[in-house]
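Notes follow the structure.
The values are calculated or read from the model by the stated rules, or taken from the named source; none is laboratory data. The structure presented is a predicted model; accordingly, all values stated were derived computationally and were not measured. Virtual Cβ from ideal backbone geometry, glycine too; neighbours counted across all protein chains shown. Just the protein is used for accessible areas: all its heavy atoms, side chains included, with ligands, DNA and RNA removed. Shrake-Rupley method; radii C 1.70, N 1.55, O 1.52, S 1.80 Å.
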Amino acid sequence: MAGKQDNIPVNSMADEFTQGIAIDKMSIKQSDFKAKEYYGEAHQSHRDEGYTFHIVEKGSVLMEIDFQQYEISAPVIVYMHPNQVHRMLECSNMTVCSLSIKSENLNQDYLHFLEELAPTKPLSLSKDFST
């Protein structure tokens, strides 16, 4: 895969707005998914500049991560290493919170820990949050 990385786009964070850390929450209706302006970017295989964490609060998404498909249904956490190639194929009335952090903004111990975790798969959460 290392030889192919040059052909896969990397979505960079806009430094003037994020200072290396970005937090976002969005809701995407199934009917709007293909009409949204970010559909082309999300549907194309790509990597992200930062370490990203996505908490899918509601709905579902069909994703391809490192060329393997995952049917992801809320509640779930998805961690993406900057080298992981991914794309969204479909989504169904999804609400997702995302956090992205550039490596230079991470404590070196945390960075080392995240490097050891990669690659990862989506982690389903219990729907009972009272425990």
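K25 to T120: extension gain in nm, 0.36 nm per residue of separation minus the Cα-Cα distance?
Length gained, K25 through T120: 32.0 nm.
I need two numbers for segment 38-131: Rg to one decimal and Dmax as a whole number, Cα atoms only, in Å.
Calculated on Cα positions, Rg and Dmax stand at 13.6, 40 Å.
Rounded to the nearest 0.05, what FRET efficiency do H112 and N11 have when you use their Cβ-Cβ distance and R0 = 22 Å?
E between H112 and N11, to the nearest 0.05, is 0.35.
How would E64, E71, E49, E104 line up by accessible area, probe 1.4 Å, largest first?
Details: E64 30, E71 170, E49 70, E104 130 Å².
From most exposed to least exposed: E71, E104, E49, E64.
Taking K and R as +1 and D and E as -1, what net charge do the other residues with C-beta under 9 Å from the C-beta of L62 add up to?
-3
Efficiency by 1/(1 + (r/R0)^6): what FRET value for Q69 and N105, r their Cβ-Cβ distance, R0 = 30 Å, to the nearest 0.05?
0.45
In terms of modelled amide H atoms, which long-range or inter-chain residues lie less than 5 Å from the amide H of C91?
Long-range HN contacts for C91: L62.
Please give the solvent-accessible surface of M88 in Å², to the nearest 10, using a probe radius of 1.4 Å with every protein chain present.
Its accessible surface works out to 30 Å², give or take rounding.
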